[in-house]
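**Student:** I have a structure I would like to understand better, so I am pasting it below and will then ask my questions one at a time.
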Amino acid sequence: MRRATAYAHTNIALVKYWGKRAVALNLPATGSLSLTLDRFGTETTVAPHDDDDDRFVLDGEEVTGKERARVSSFLDMVRALAGSRARCAVTSRNDVPTAAGLASSASAFAALATAACAAFDVDVDARARSILARRGSGSAARSVHGGFVILHKGARDDGEDCFAEPVAVAPSLDLRLVVVRCATGRKKTGSTDGMTLTERTSPYFSSWVATHDADLQAATRALADGDLASLGRTMERSTLKMHASALAADPGLWYFMPVTVAVMNDVRAMHDEGVPAYFTMDAGPHVKILCKSTDADRVAARVAAIAGVLGVEIAGPGPAARVLA
Ligand code: PMV
């Protein structure tokens, strides 16, 4: 094996994934549609390591325990493909707060899949790499590609039809996501735990899954037609249904902070005032606002003034995961 470095950007789901149809292969209960961003991401280097165990250093700190085991199991899959037993030193730098609900696992596993395949000289196309990245984290499958991406739920038990690919977008749609940071620190309930709890205990989980395909189709059509109003409405609907299913879990689970709700209220107010702006949020307190590129500065300035907002960044469509060296 050789030393290889890759970079992957985070992505934010417009139509969400929440729930698993099979845990062992990390197969989602729903498809999803996302935007890979041009900021926030992970740079990862995989290098040969002269030891019995893999090593994992994240943002300059040695990682042990469950998180290192997760990286090691992921490397086992690449080693199996390569027919190698070589141990690795993995060094990652996150340009996004870790586990804070800003999709750090999406960029992390897309970067790890891309770097590890290059390091072990495993010849896989983007579709196979997205299937591999999905094993680390469902959302990571989407970060293998740039721009707007669909992750197919698939039907097969082996997960070979559960892959991500780019989707068609009308050239007239020049969109931005305004990322509004609403808290610092790690979230209390990770996405896998949150999904499992919802799936196990929420009476609304089955409705979430039953109505999901229609949202995915509506959003895909809206992207192709260049229809921001339909895309935005569908995105808000998907977000609220996902969070409603979690709220109805036992014990109820929510990721909203007071400032999260204040930002969502302000997005609704903007919308009522004629600015086409739409919110989404994931398994964390932050809000992301979808709007036209020409409205992004004023949307960002307006939400930055809300008490409790910690930072606002404007992101556009970003590139696919790539090998740097
Ligand atoms: O793939 P994970 O474990 O990072 O889960 C992602 C879950 C959400 O961010 C809430 C939704 C999504 O589709 O990204």
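**Student:** May I ask which of LYS241/LYS288; LYS20/LYS187; LYS241/LYS292 have a Cα-Cα span longer than 22 Å here?
**Tutor:** Listed pairs above 22 Å: LYS241/LYS292.
**Student:** Now for a separate question. When the convex hull of the Cα atoms of the range 53-116 is projected onto a plane and the area is averaged over all directions, what value comes out in nm²?
**Tutor:** For the Cα atoms of the range 53-116, the hull's average projected area reads 4.3 nm².
**Student:** Sort 79-92, 10-23, 221-234 by the packing proxy (mean of other Cβ within 10 Å over each peptide's residues), most packed first.
**Tutor:** Sorting 79-92, 10-23, 221-234 by mean packing, highest first, produces 10-23, 221-234, 79-92.
**Student:** If you find the alpha carbon centre of the range 192-239 and of the range 14-32, how far apart are they in angstrom?
**Tutor:** If we compute the Cα centre of each part, the gap is 12 Å.
**Student:** Amide H neighbours of LYS20 under 5 Å, at least 5 residues apart or on other chains, H built in the peptide plane: list them.
**Tutor:** Hits under the 5 Å cutoff: ALA29.
**Student:** If you split all Cα-Cα distances of the range 210-325 into 10 Å bins from zero, what percentages do you get per bin, shortest first?
**Tutor:** Going from the shortest bin to the longest, the percentages are 12, 39, 34, 13, 1.
**Student:** Okay, next question. Whole number please: convex hull volume per residue of the Cα set in the range 80-147, in Å³?
**Tutor:** 94
**Student:** Sticking with this structure for a sec: Give me the Kirkwood hydrodynamic radius of the range 111-232, using the inverse of the mean 1/r over all pairs of distinct Cα atoms, in Å to one decimal.
**Tutor:** When all Cα pairs of the range 111-232 are included, the Kirkwood radius is 17.0 Å.
**Student:** Still on this structure: For the range 8-81, what is the Kirkwood hydrodynamic radius in Å, using each pair of distinct C-alpha atoms?
**Tutor:** 15.1
**Student:** Okay, moving on. Tabulate in residue order the Karplus-calculated ³J(HN,Hα) for the range 171-178, using 6.51 cos²θ - 1.76 cosθ + 1.60 with θ = phi - 60°, rounded to whole Hz; enter x for Gly and Pro.
**Tutor:** x, 5, 7, 10, 10, 10, 10, 8
**Student:** A further question follows. Straight distance only, please: which aspartates and glutamates reach the Cα of LYS153 with their own Cα at less than 13 Å, same-chain residues fewer than 8 apart left out?
**Tutor:** Cα-Cα hits under 13 Å: ASP161, GLU165, ASP213.
**Student:** Report, in deg cm²/dmol and to the nearest 500, the calculated mean residue ellipticity at 222 nm for the chain, where each DSSP H run with n ≥ 4 adds -39500 (n - 2.57) and the sum is divided by the residue count.
**Tutor:** Here the helix-only value at 222 nm equals -12000 deg cm²/dmol.
**Student:** Using +1 on the beta carbon of Lys and Arg, -1 on that of Asp and Glu, and nothing else charged, what's the dipole of the chain about the Cα centre, debye to 20?
**Tutor:** 260
**Student:** Further, regarding this structure: Could you tell me the relative contact order of the chain? Use alpha-carbon pairs under 8 Å, at least six residues apart, and round to a whole percent.
**Tutor:** 24
**Student:** Something else now. Please give the direction-averaged projected area of the C-alpha convex hull for the chain, in square nanometres with one decimal.
**Tutor:** 15.8
**Student:** Further, regarding this structure: Which of LEU27, MET264, GLY311 sits closest to the plus end of the dipole of the chain, meaning its Cα is farthest towards the positive end, when Lys and Arg get +1 and Asp and Glu get -1 on the C-beta?
**Tutor:** MET264
**Student:** Volume per residue, Å³, of the convex hull around the alpha-carbon atoms of the range 15-57?
**Tutor:** Given the Cα convex hull of the range 15-57, per-residue volume reads 139 Å³.
**Student:** Of TRP18, LEU102, PHE120, which is farthest on the positive side of the dipole of the range 1-132, counting Cα position, with +1 on Lys and Arg Cβ, -1 on Asp and Glu Cβ, and the Cα centre as origin?
**Tutor:** In the range 1-132, that residue is TRP18.
**Student:** Okay, next question. With θ set to phi - 60° and the Karplus curve 6.51 cos²θ - 1.76 cosθ + 1.60, what are the ³J(HN,Hα) couplings of the range 157-169 in order, to the nearest whole Hz, using x for Gly and Pro?
**Tutor:** Each residue's phi maps through the Karplus curve to give 5, 7, x, 6, 9, 9, 9, 9, 8, x, 10, 6, 10 Hz.
**Student:** Give the distance, in whole Å, between the Cα centre of the range 273-322 and the Cα centre of the range 60-135.
**Tutor:** Spelled out, the Cα-based centre of one part sits 29 Å from the other.
**Student:** Step through the residues of the range 184-197 one at a time and calculate ³J(HN,Hα) from phi using the Karplus curve (6.51 cos²θ - 1.76 cosθ + 1.60, θ = phi - 60°), rounding each to whole Hz and writing x for Gly and Pro.
**Tutor:** Working through the residues one at a time gives 10, x, 6, 6, 7, 10, x, 5, 5, 5, x, 5, 4, 4 Hz.
No lab work stands behind these numbers, since they all come straight from the coordinates. Here the structure is a predicted model, which is why all the values come from computation and not from measurement. Cβ atoms come from the backbone with ideal geometry, glycine included; neighbour counts cover every protein chain shown.
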